[in-house]
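> Pasting a structure below so you can have a look.
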Amino acid sequence: MTPLTGFTISKQNQAYLYGLSTVLLWSTVGVAFKLSLKYLDIFQLVFYATLFATLMLLGVACFHGSISRLGKQFNSHWKITLISGCINPVLYYLVLFAAYDRLPAQVAQPINYTWAIVLTFLSIFFLGQKITRADFIAAFVCYTGVVVIALQGHLPSLLTAQTVDIFSVGDGAAFGLLLAILSTFIWAAYWIINVRDEREPSVAVCLNFIAALPVSFLVCWMFSSPIVASIEHLTGAVYIGFAEMAIAFLLWSKALKMAVNTSRVSNLVFISPFISLVLIHLILDESIHSTTYIGLSLIVGGLLYQQYRSVSR
């Protein structure tokens, strides 16, 4: 038990607090992405968010006295550091931001949660894992949810056999949907590459961002410009870098490390997309379609079913 201002909180309850804090941060990313993309293009946003995340992670490393370990870990793991850094944050966020730039937040955000299903199927080919009937059922339910979300309020028309254009949400919507789905493959691939990574997670992610920083700058310089119109335009990038990329990762790692029952803490993540929809409606003023709620419920239900079946086996 740990004393805290005259009270005692168990490790599991502390894990819940860290987990809920992470969930609240993740719930804001849809809003943060859309607002930031009003002032920065995707290349600028990736570069500046990576910059601020790197500064935060280096600051934490300094605080914990682990700076000296970064050089040693890079020398012994430079290949995976460079590969991982190019995938996340550079490639992953370029694709994800491009999806958000073309889609309403209520469409892009729920699709991102299907990466766990993608991870299951990629693990068959790259990790030699076996797939079960439950995995197929979960995948079917989740991607049914993706289709329902893509309908954007046109479900009644579909049920009455009327012609529906599911890509009618705006210019580039079809490409945006493909990008949103592609981002889940990139994120799943990132985890597969790092499944045998022997580095401590906080050191690994810090090194990945250090390696990614010059790459993100080069990409920004080649396809856009690192010069922004106003310092105020960087506010969103600061928040995304600090909160989404750095702090959320550290809090979630802490939650899982302290948890006595990790599955209970992991289930907290399913609260995030529903809180996010509320914020998207209140802040971005998006009218949330009934199909979004139905589709998101299918995605979360499919993921919970897969998780339950894997634990029960």
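The values are calculated or read from the model by the stated rules, or taken from the named source; none is laboratory data. Every value quoted in this text rests on a predicted model; they were computed, and no experiment measured them. All Cβ positions, glycine included, derive from the backbone under ideal geometry; neighbour counts span all protein chains shown.
> Test Gly241 against the criterion of being modelled with pLDDT of 95 or more, in a helix (DSSP H, G or I) and closer than 30 Å to Gly71 by Cβ, and give yes or no.
Judged against the criteria, Gly241 is a match.
> Checking the conditions here, which among Val148, Val118 is surrounded by 17 or more Cβ atoms within 10 Å (Cβ to Cβ), part of a helix (DSSP H, G or I), at pLDDT below 90 and not polar (S, T, N, Q)?
Val148
> I need the full set of residues from the range 74-115 which are surrounded by 19 or more Cβ atoms within 10 Å (Cβ to Cβ), closer than 25 Å to Leu57 by Cβ and among the polar types (S, T, N, Q), in order please.
Scanning the range 74-115 gives Thr81, Ser84, Asn88, Gln109, Asn112.
> Right, something else. From the list Val300, Val260, Val203, exactly one residue is touching a helix residue (DSSP H, G or I) at 6+ places or on another chain (Cβ under 9 Å), in contact (Cβ under 8 Å) with a residue 12 or more places away in the chain, on the phi < 0 side of the Ramachandran plot and not in a helix (DSSP H, G or I). Which is it?
Of the residues listed, the single one that is touching a helix residue (DSSP H, G or I) at 6+ places or on another chain (Cβ under 9 Å), in contact (Cβ under 8 Å) with a residue 12 or more places away in the chain, on the phi < 0 side of the Ramachandran plot and not in a helix (DSSP H, G or I) is Val260.
> In the list Leu282, Leu218, which residue meets the criterion of being part of a helix (DSSP H, G or I), at pLDDT 95 or above and within 28 Å of Val148 (Cα to Cα)?
Only one candidate qualifies: Leu282.
> I would also like to ask the following. Quick one: which residue in Ile227, Ile247, Ile231, Ile271 is farther than 21 Å from Gly59 by Cα, surrounded by fewer than 21 Cβ atoms within 10 Å (Cβ to Cβ), of a type outside the set (Phe, Trp, Tyr) and under 15 Å from the mean Cα position of the chain (by Cα)?
Of the residues listed, the single one that is farther than 21 Å from Gly59 by Cα, surrounded by fewer than 21 Cβ atoms within 10 Å (Cβ to Cβ), of a type outside the set (Phe, Trp, Tyr) and under 15 Å from the mean Cα position of the chain (by Cα) is Ile271.
> When you scan the range 4-27, do you find a residue that is out of contact with any helix residue (DSSP H, G or I) (no Cβ under 9 Å at 6 or more places or on another chain), among the small types (Gly, Ala, Ser) and farther than 30 Å from Gln129 by Cα, even just one?
yes
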